[in-house]
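Below you'll find the structure, written out as structure tokens, and then a few comments.
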Amino acid sequence: MTKRLGLPNLGLGLGLRNEHFDYILENEPAVDWFEVISENFMDSFGRPRHILKQIADKYPVVMHGVSMSIGSTDPLNFDYLKSLKTLADEVNPAWISDHLCWTGVLTTNSHDLLPLPLNDESLRHVCDRIRQIQDYLERPLVVENPSTYAAFKNSTITEWDFLRLMTEETGCGLLLDVNNVYVSSFNNDFDPVAYINGIPHDNIVQMHLAGHQHMGNYIIDTHDREVTNQVWKLFQMTYQLAPEASILLEWDGNIPPFEVYHAELMKSRKYMDPHFRGSEKEIQHADQEQVSNPLNVVPLELMNKS
Ligand SMILES: [Fe+2]
């Protein structure tokens, strides 16, 4: 198999957010590429889709979905896949990605990325569905590791081994979310470095970076702030193992002005250098990451999920 499935290194990209549509169209900022949330455009034939086509004419675009529900026991939703394929035919994405998760059952969409047990049975199930999806979309699927808050008693395979076996079985690509590795490792008490070392580096097509919220004894994957120093350091290590992967910074809550979002992305250049240590202030901060909010701000439904 060729490295990264022969897919291009797009460079440093940002998520396309409604708040930035006008800025991007007016200023054509120097961003290498944009990632779009597929569902925000699949069933929209108005202004958002019109704007997406304009942006796709100027920048490489990748389609990132949240509703494929690869891990669900429901039959694959071919109406969803048809809409996805139609959008892909229009905007010609460099690739299509979704998550190793399930989002609902009995046709109900929870609008959440839910974890699944990791064992031989779920591996067979997921691989069978990925093969069907790839056959239908006529392209490799790129699958992202989720952020998780719970593990299953009947899991018998580590997540990094599961991802490796999944790529070997299906030939799919990986979207390695470095922040998700950090969040899940803290919540589920595993070694993030063992995770990074254990995944197949040649299959990493893309990486995600994002900010999270530390709650003391667990972390929530909030995407609403700057990337933490611990995640930057994990990215620095990962980048040396997969230097041709495309990089994308996610920011989905408290979305800042475009210039702030872009400046945060540009920090990744420093951490691509394996010798960069960070400033003394950053190192000190990394050693002393504090609880940023009291526990009682966690939504009840999130507490119940974990
Ligand atoms: Fe992500």
Give a residue-ordered list of calculated ³J(HN,Hα) values for the range 74-84 (Karplus: 6.51 cos²θ - 1.76 cosθ + 1.60, θ = phi - 60°; whole Hz; x for Gly, Pro). 5, x, 4, 8, 6, 5, 4, 5, 5, 4, 4
Paired Rg and Dmax values of the range 174-226, which use every Cα atom, in angstrom: 11.6, 35
Mind checking which aspartates and glutamates have their C-alpha under 19 Å from Lys53, skipping anything on the same chain fewer than 8 residues away? Glu19, Asp22, Glu26, Glu28, Asp32, Glu35, Glu39, Asp43, Asp89, Glu90
Considering only Cα-Cα distances, which of the following residue pairs are longer than 32 Å: Lys82/Lys270; Lys3/Lys270; Lys82/Lys153; Lys85/Lys233? Lys82/Lys270; Lys82/Lys153; Lys85/Lys233
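Test of the criteria: in the range 120-155, which trypsin sites (Lys or Arg not before Pro) are in a DSSP loop and have at most 10 other Cβ atoms within 10 angstrom of their Cβ?
Answer by residue number: Lys153.
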First obtain the Kirkwood hydrodynamic radius of the range 3-305 from its Cα pairs, then insert it into the Stokes-Einstein equation at 25 °C and 0.890 mPa s, and state the resulting D in µm² per second as a whole number. 124
What would the Debye equation give as log₁₀ I(q)/I(0) for the range 91-235 at q = 0.17, 0.18, 0.21 Å⁻¹, counting only Cα atoms as equal point scatterers? -1.01, -1.14, -1.49
Amide H contacts under 5 Å for Asp177, restricted to residues at least 5 apart in sequence or on another chain and with H modeled in the peptide plane, are Asn145, His208
Suppose only helical runs count, i.e. DSSP H with n ≥ 4. What mean residue ellipticity at 222 nm does that imply for the chain under -39500 (n - 2.57) per run, divided by all residues and rounded to the nearest 500 deg cm²/dmol? -12000 deg cm²/dmol
Once amide H atoms are placed 1.01 Å from N in the peptide plane, what residues at a sequence separation of 5 or more from Trp102, or on another chain, have their amide H within under 5 Å of its amide H? Gly71, Leu114
Give me the one-decimal nm value for the distance between modelled label points at Lys267 and Phe190, 7 Å along each residue's Cα-to-Cβ direction. 2.6
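Values quoted throughout were computed directly from the atomic coordinates according to the rules given, and no laboratory measurement underlies them. None of the values given here were measured: they were computed from a predicted structure. Neighbour counts run over all protein chains shown; Cβ positions are idealised from the backbone, glycine included.
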